[in-house]
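The values are calculated or read from the model by the stated rules, or taken from the named source; none is laboratory data. Keep in mind that what you see is a predicted model, and the values were worked out from it rather than measured. Methodologically, a virtual Cβ is constructed for each residue, glycine included, from the backbone with ideal geometry; neighbour enumeration extends over all protein chains shown.
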């Protein structure tokens with residue numbers, strides 16, 4: 001029986017669900033970068049990419065975790081690994097020593113740009129082609145729609161929706 005609540009958006013919802021499930025399954029898989037001698041998960045890569053996209057940000061880690069949709073504790077774990085690998089550097093501001101500011105290192109920047117040219121562009125090439133006929137306004141609307149969906153699904157750490165009652 002076909003579910004009617006999705007209306008004309010059924011195929012889009014199905015596509016988002018399928019993508020989400022595949023992405024969740026693959027998010028912790030490690031990609032080996034032989035010439036560098038280490039592996040990164042997709043989410044570790046996303047942390048590095050976010051830092052490079054916001055090089056002048058003084059945003060605390062809690063803000064970055066919210067923007068990426070990952071738990072703050074997970075971001076802490078990922079950033080520790082990225083620091084150990086030399087891809088990211090940690091800073092504190094003079095006026096607030098508790099807020100940790102993350103920055104991509106020079107090595108992290110070089111690594112990122114080398115890998116983008118090799119892997120990421122090819123992974124997204126067909127996706128970008130499928131969206132090429134959209135106007136900027138349509139692309140903005142699609143982006144806002146997906147953002148709205150993400151906002152509905154997001155839960156903050158410590159949110160009461162995460163509580164499970166025990167007797």
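A residue that is in contact (Cβ under 8 Å) with a residue 24 or more places away in the chain, more than 14 Å from the chain's Cα centre (by Cα) and surrounded by 14 or more Cβ atoms within 10 Å (Cβ to Cβ) can be found somewhere in the stretch 15-28. Criterion applied to 27, 79, 65, 15 was being within 18 Å of residue 146 (Cβ to Cβ) and in contact with a helix residue (DSSP H, G or I) (Cβ under 8 Å, 6 or more places away or on another chain), and the one residue passing it is 27.
Under the condition of being assigned to a helix (DSSP H, G or I) and more than 20 Å from the chain's Cα centre (by Cα), which residue from the stretch 91-125 is farthest from residue 37 (Cα to Cα)? Of everything passing the filter in the stretch 91-125, 106 is farthest from residue 37 (Cα to Cα).
Among the residues making up the stretch 43-62, those that are loosely packed, with under 14 Cβ neighbours inside 10 Å and under 17 Å from residue 109 (Cα atoms) are 53, 55, 56. Scan the stretch 31-39 and tell me whether some residue there is modelled with pLDDT of 90 or more, within 24 Å of residue 151 (Cβ to Cβ) and surrounded by fewer than 16 Cβ atoms within 10 Å (Cβ to Cβ). So far as the stretch 31-39 goes, no, none of its residues is modelled with pLDDT of 90 or more, within 24 Å of residue 151 (Cβ to Cβ) and surrounded by fewer than 16 Cβ atoms within 10 Å (Cβ to Cβ).
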